[in-house]
Amino acid sequence: MQHRTFSRDVLFSLRFSLAPFGMLLLGKILFELLAFRFPELNQSLIQSFSEIKEQPLSLSFQEAKARILWLTSVILYFFVCSAFIAFIWNTLKRSLTKSSIAVLISAVMIYSVSEIAYLSQAAVNERPLVTIFRFTFDSLQASKQYSLNELSRISFTLSIVNFVAIIIVPLGIVTGCCIMQGCIPHHKVGLESLLKKSKYIKELLVGGSAVMVIGILHMQLWLNWPVTFVVDDDVRQQIEAVTLAICQYWGVIYTLTMAALYIPSAFSLSEQARELINLENSTTDKVNSEIWLAENKMLLSINGQLPQLLAVIAPMLAGTLGSTFSGVTFV
């Protein structure tokens, strides 16, 4: 009986991963299928860099600035991800048993290993997803402005960033499932427990939003790094427009992924709290469920969820505002 309850609880919590994982996979599949000219643009850029004979002094300063700004985004990304992982670890320790953690972490490992395997075997000049990772590095290599030692340091740093980027999103999604564990409808769940879970899911949303925002900004600075070697202003603007569109796309995908996790979770917690209040009203002094939900910030409305709404759309805004950071980099 206990095993059956455990299985049902885990299966119920895993339901909340279907929509965000589906949104994330849909975004990646559509990008692979429809961003089919992006690898060709990369090859054209690499070909133009191979013709560079001497780099003007002004471009050397611009390149140094772009490289340091990218390095700054790497430091920020590692810092924010470390804080987010610490939050995830504390959440798992206080809300799950070892067997539950094993089941949910296995889901993260399966997804991450599958994506790493796909990216590893995919041809660089054919897959748009791989091109995002290789776009700048291959261009830097083709420019012949860096030694092998310098390129290896860049490649090593990028590999760590990419590894963290691959595991951090599914880890956040599964943590949301962990928070929702124990919330099977019609089971004995107190208002205090629902309030705690609502608090945790909001903290997860804010932390995930911070990770996604700095990830989008890092992508923008990374993709625009080789633009410093482009002398033609028209060509530079066209490349920046393409990289901005890519960042906007992924900003929207990450926003929709977070919304797909947070909205069903918050709705489930809100509805269970409303049902519990209405049930208790038959035996105690009546409490207005709408007022209670509003006072405890569990009411799903624009005014009641404004901070969470801003956290959800932050990655999309970061992608849209990417041109600002591009201007800061190259002006």
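Key figures for this structure:
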read-out	value
Positive-pole candidate from VAL161, ALA64, PHE135, dipole of the chain, charges at beta carbon	VAL161
DSSP-assigned coil residues among chymotrypsin sites (Phe, Trp or Tyr not before Pro) in segment 7-50, each with at most 12 further Cβ atoms within 10 Å	PHE36
Ordering of 110-117, 41-48, 168-175 by packing [mean C-beta count within 10 Å, highest first]	168-175, 41-48, 110-117
Sorted by Cβ neighbour density within 10 Å, fewest at the top, the residues LYS144, LYS202, LYS196	LYS144, LYS196, LYS202
Surface/4 estimate of mean projected area, convex hull on alpha-carbon atoms of the chain, nm²	18.9 nm²
Charge context of PHE137, other residues only, Cβ under 14 angstrom, K/R +1, D/E -1	+2
Of ALA311, ALA241, ASN288, farthest towards positive along the dipole that unit charges on Lys, Arg, Asp, Glu beta carbons give the chain	ASN288
Distribution of pairwise C-alpha distances over segment 57-120, 5 Å bins, in %	3, 13, 11, 13, 16, 13, 10, 7, 5, 4, 2, 1
Rg over Rh [alpha-carbon atoms, Kirkwood Rh] for segment 160-314	1.16
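Bear in mind these aren't lab numbers, they're just calculated from the coordinates by the rules spelled out. Being a predicted model, the structure only gives us computed values, none of them experimental. A quick note on method: Cβ atoms are made from the backbone with ideal geometry, for glycine too, and the neighbour counts reach across all protein chains shown.
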